[in-house]
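*Asks:* I have a structure here, written as structure tokens, and I will follow up with some questions on it.
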Amino acid sequence: MLIAIVRTLILYIFIIAALRLMGKRQISDMQPSELVVTLVVSDIASLPMQNTSQPLLSGMIPVMVLVGLEILTSVLMMKSRTVRKLVCGNPVVVIEDGRLLQKQMKRLRMTNSDLMEQLRQQNVFSLDDVQYCIVETNGALSILEKPEKRVPNAEEAGVTIRDNKPEAVVVSDGKLLREGLSMCQKDERKVVNILSENHIPMGSVFLMTMDGSGAYRIIRKEEA
């Protein structure tokens with residue numbers, strides 16, 4: 001039993017490292033080659049976990065080969081549009097100038113219900129609101145609404161918006177997070193001074209966020 005647990009732990013850490021090498025993507029954002037590799041890796045890794053008589057390397061080597069092939073494929077796709085087209089295909093326009101392109105829908109084997117469902121997921125509830133709709137290579141929809149349906153941006157409205165920079169967590173559960181300080185371009189002294197002015201010990205802070213302008217929010221720990 002102990003051997004099985006140790007083997008599973010080793011493979012678990014190894015698979016996490018392998019997937020990190022492939023990059024950060026959600027399942028819905030994966031290209032076909034990435035999704036295939038992820039599914040195959042999970043199947044290969046399960047074999048040494050279930051069969052303790054099988055050497056760990058028999059599962060680890062195929063995973064390393066697959067990850068290497070995926071990285072190589074990604075590099076080739078960056079260098080060659082032809083390779084990218086072969087592996088991922090091309091985006092397909094299904095609505096053009098407000099007109100539904102039925103041939104393209106049939107080519108993608110996409111039903112009207114599928115299209116309407118994905119439009120609703122992007123807060124578009126009527127085909128009359130859509131000027132262009134493109135099915136990307138990962139299956140996601142990119143939508144451009146008709147001009148009269150678009151929300152005006154600050155430039156169009158003539159409004160000046162203050163740039164606060166990203167808000168980041170700088171203290172979490174009483175601990176200072178240096179990566180958060182780096183994101184909002186502040187230093188430890190700034191956080192210490194703010195907590196001192198508010199008479200709050202760092203150990204009493206459940207969450208503290210700060211943005212590039214220096215605006216902050218502090219949430220104290222709840223008493224047990």
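*Asks:* Among all helices in the chain defined by DSSP H, which have a length of 18 Å or more along the axis from Cα atoms plus a Kyte-Doolittle mean of at least 0.5?
*Replies:* Helices meeting the criterion: 2-22, 32-50, 57-79.
*Asks:* Given points 7 Å out from each Cα along the Cα-Cβ axis, report the ARG150 to PHE206 separation in nanometres with one decimal.
*Replies:* 4.3 nm
*Asks:* Given labels modelled 7 Å from the Cα in the Cβ direction, how far is it in nm from VAL192 to ILE10?
*Replies:* With each label placed 7 Å out from Cα toward Cβ, I get 4.5 nm.
*Asks:* Given R₀ = 25 Å, what would the calculated FRET efficiency be for LEU56 paired with LEU35, taking r from the Cβ atoms and rounding to 0.05?
*Replies:* With a Förster radius of 25 Å, E is 0.45.
*Asks:* Listed highest first by mean packing, meaning other Cβ atoms within 10 Å per residue, what order do 95-101, 134-140, 166-172 come in?
*Replies:* 166-172, 134-140, 95-101
*Asks:* Okay, next question. Evaluate the Kirkwood expression for the hydrodynamic radius of the chain, namely the inverse of the mean inverse distance over all pairs of different C-alpha atoms, and round to one decimal in Å.
*Replies:* 22.9 Å
*Asks:* Per DSSP H run of at least 4 residues, take -39500 (n - 2.57); add these up for the chain, divide by its residues and hand me the 222 nm value, nearest 500 deg cm²/dmol.
*Replies:* When only DSSP H runs of four or more count, the value is -15000 deg cm²/dmol.
*Asks:* Between segment 161-206 and segment 77-103, what is the C-alpha centre distance in whole Å?
*Replies:* Distance between centres, Cα-based: 45 Å.
*Asks:* Which distance in nm do the two modelled labels at GLU222 and LEU177 give, with both placed 7 Å along the Cα-to-Cβ direction?
*Replies:* Result: 2.0 nm between the two label points.
*Asks:* I need the peptides 157-163, 39-45 ranked by packing, meaning the mean over residues of other C-beta atoms within 10 angstrom, with the highest value on top.
*Replies:* The densest-packed peptide leads the list: 39-45, 157-163.
*Asks:* Same structure, new question: Among 143-154, 66-77, what's the highest-first ranking by average C-beta atoms within 10 angstrom per residue?
*Replies:* 66-77, 143-154
*Asks:* Just to be sure I understand the curve: with the Debye formula and one point per C-alpha of segment 114-221, what is log10 I(q)/I(0) at q = 0.16, 0.21 Å⁻¹?
*Replies:* Values returned for q = 0.16, 0.21 Å⁻¹ are -0.76, -0.95.
Here, each number is a calculation from the coordinates, and none is a lab measurement. Every value quoted in this text rests on a predicted model; they were computed, and no experiment measured them. All Cβ positions, glycine included, derive from the backbone under ideal geometry; neighbour counts span all protein chains shown.
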